1. Would you please name the chymotrypsin sites (Phe, Trp or Tyr not before Pro) within the range 76-107 that are DSSP coil residues with at most 15 other C-beta atoms within 10 Å of their C-beta?
2. Quick one: grab the alpha carbon gyration tensor of the range 50-170, order the square roots of its eigenvalues as a ≥ b ≥ c, and give me rounded if a/c is under 1.5, else prolate or oblate depending on whether a/b is larger than b/c.
3. List nothing, just return the count: lysine pairs in the range 16-148, 8 or more apart or interchain, with Cα separation under 15 Å.
4. If you take every residue apart from residue 63 with its C-beta less than 10 Å away from the C-beta of residue 63, what net charge results, scoring Lys and Arg +1 and Asp and Glu -1?
5. Accessible area, 1.4 Å probe, largest first: how do 52, 143, 33 sort?
6. What does a probe at residue 71 reach in the range 106-120, counting residues whose amide N is under 14 Å from the point 7 Å along Cα→Cβ?
7. Pulled fully out, how much extra length does the chain show between residue 97 and residue 46, if you take 0.36 nm times their separation in residues and subtract their Cα-Cα distance?
8. How much length is gained on full extension from residue 39 to residue 117, taking 0.36 nm per residue of separation minus their Cα-Cα distance?
Amino acid sequence: FGSEGVSSFLGNSIKNEDIIFCTELVGGLEVSTGKVSTVEAMNGSTVLLPCTYSSCIGIKNLYFNWHYNDNGTMLKLCEAEIPMEGVEPKVFVFRERVEFVGSSKSNNISILLWNITFEDQGEYICFARNPKEKNRNHSAVFTLIVEVDNTLTVIIVSVLGGVIGLVIIVMVIKALVVHFLLKDDEKNKECLVSSSGNDNTENGLSGAKADNKGTPKA
């Protein structure tokens with residue numbers, strides 16, 4: 001070898017050794033969905049599916065995609081290729097309600113799911129492949145659990161409770177009014193009976209006086 005050939009050979013050897021050392025020590029390319037790989041969300045809400053990548057020697061033409069595991073059938077949600085670090089990728093999205101929100105500047109390849117339904121529940125796979133590491137690839141799984149939104153139920157129960165409470169109040173007021181009306185009616189009846197008795201007494205006395213006056217003397 002000439003001096004240039006030796007330098008080139010040594011340089012390539014060092015680079016290859018660095019790649020091998022980096023792969024063995026750190027594990028090379030890795031993708032992660034964070035410390036918590038499961039999220040529970042309400043039906044109709046929007047959910048972030050996080051995913052980041054890391055590589056100890058950097059990236060070049062990094063390919064990534066997201067898949068949804070539909071009972072064993074892998075449905076591709078989106079894919080893209082990042083030419084180099086700091087360059088934003090052109091992302092192709094294949095499903096409705098899916099939005100790419102990541103950035104190569106922060107090694108972020110996360111996506112958003114809009115207006116989720118119960119059919120969106122399941123496993124989501126974030127995958128990446130780095131040609132700079134001899135096409136080393138890695139993937140991570142994120143699980144989505146969709147729950148029922150109880151807001152409407154709470155509102156209905158609250159309204160029903162208010163209606164029932166109002167009905168009870170109306171019934172109590174009605175019972176009180178009827179009670180007082182009955183009392184007044186009884187008092188009126190007592191007054192009528194008393195007045196009628198007085199009239200009869202007066203009429204009896206007047207009749208007796210008239211009879212006494214009309215009797216001829218013998």
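The values are calculated or read from the model by the stated rules, or taken from the named source; none is laboratory data. Everything quoted here is computed from the prediction, not taken from an experiment. Here the Cβ positions follow ideal geometry from the backbone for every residue, glycine too, while neighbour counts run over all protein chains shown. Keep in mind that these areas ignore ligands, DNA and RNA; they rest on the heavy atoms of the full protein, side chains included. Shrake-Rupley method; radii C 1.70, N 1.55, O 1.52, S 1.80 Å.
1. On the way: sites: 92, 94, 100; in loops: 94.
Of the chymotrypsin sites (Phe, Trp or Tyr not before Pro), the ones in loops of the range 76-107 whose Cβ has at most 15 other Cβ atoms within 10 Å are 94.
2. The shape class here is prolate.
3. 5
4. Taking every Cβ under 10 Å from that of residue 63, the sum is -1.
5. 52, 143, 33
6. 119-120
7. Net length gain for the segment: 17.4 nm.
8. 26.7 nm
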